[in-house]
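S.K.: Sharing a structure here in structure tokens format.
The values are calculated or read from the model by the stated rules, or taken from the named source; none is laboratory data. Worth saying up front: this structure is predicted, and the values here are computed from it rather than measured. All Cβ positions, even for glycine, are placed from backbone atoms using ideal geometry, and neighbour counts span all protein chains on display. We work out accessible area using only protein heavy atoms, side chains counted, and drop any ligands, DNA or RNA first. Shrake-Rupley method; radii C 1.70, N 1.55, O 1.52, S 1.80 Å.
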Amino acid sequence: MIIDLQQLFDIENERVAIDYSLDFSDIELWGQCPFGSHVHITGAVENRAGIVNLAYTAGFVLSADCDRCLDRFSRDEAYHFTHVLVRELNEEDTDEYILVENARLDLDELVRSDILLSLPTKLLCKDDCKGLCQSCGNNLNHTDCTCSRKECDPRLEALKKLLD
Ligand SMILES: [Zn+2]
Ligand SMILES: [Zn+2]
């Protein structure tokens, strides 16, 4: 979606609401597409005292195979983003300013990079996922196994103590 910001830049208190969906099913990350739904964008662009602000929420279903236990999981995510939009950049401006040339903002492109930069580098079914047992391959989230304790090499145990 291209947003024409001409009026927003020129008129104080001007506001444009945003509510639309994006299809990111073509995005592949770490060998899988983590988007289990369309990405729903809601928010607004607003001129407050001459400063043009974009604030939006990207809601979607994160759906992937857990990096640690390999189980398939899906959960709702909502990421919030805000940007200051400017027509020209000064040298002291930082990353938080988005340069909008010709007063036309390519929102799809911005949303895409916002979300990709915010996704975790490891997709886990839950933060404290216990993963797979290295000996028997059981998913330790579902079963308890004792093989790691039983089979621990005494030499490794000694090394562990040293490292601690
Ligand atoms: Zn997991
Ligand atoms: Zn085991």
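S.K.: Can you tell me the FRET efficiency between residue 145 and residue 25 if r is taken as the Cβ-Cβ distance and R0 is 30 Å, rounded to the nearest 0.05?
M.R.: The computed FRET efficiency comes out at 0.20.
S.K.: Looking at 81, 123, 24, which one has the Cα that reaches farthest to the positive end of the dipole of segment 24-152 (charges on Cβ: Lys, Arg +1; Asp, Glu -1)?
M.R.: Going by the Cα projections, it comes out as 123.
S.K.: Taking the Cα atoms of segment 100-143, report the difference between the largest and smallest coordinate on each principal axis, in whole Å and largest first.
M.R.: Cα extents, longest axis first: 60, 14, 11 Å.
S.K.: Of the GluC sites (Glu not before Pro) in segment 1-64, which ones lie in a loop per DSSP and count no more than 14 other C-beta atoms within 10 Å?
M.R.: Sites meeting the loop and neighbour criteria: 12, 28.
S.K.: May I ask you to derive the relative contact order of segment 2-128, considering only C-alpha pairs under 8 Å and at least 6 residues apart, and to give it as an integer percent?
M.R.: Taking the mean separation of contacting Cα pairs over the length of segment 2-128, I get 23 percent.
S.K.: Normalised by the number of residues in segment 1-53, what is the relative contact order in percent for Cα pairs under 8 Å and 6+ residues apart?
M.R.: Dividing the mean separation by the residue count of segment 1-53 yields 44 percent.
S.K.: A further question follows. Which ³J(HN,Hα) values in Hz, rounded to whole numbers, follow from the phi angles of segment 16-25 under the Karplus curve 6.51 cos²θ - 1.76 cosθ + 1.60, where θ = phi - 60° and Gly and Pro get x?
M.R.: 10, 7, 10, 7, 7, 10, 10, 9, 10, 5
S.K.: Let me ask something additional. Rolling a 1.4 angstrom probe over the protein heavy atoms, how many square angstrom per residue are accessible across the chain?
M.R.: With all protein chains present, the chain gives 65 Å² per residue.
S.K.: Another question about this same structure. When the Kirkwood hydrodynamic radius is evaluated over all pairs of different C-alpha atoms of the chain, what value in angstrom, to one decimal, is obtained?
M.R.: One decimal place: 19.3 Å for the Kirkwood radius.
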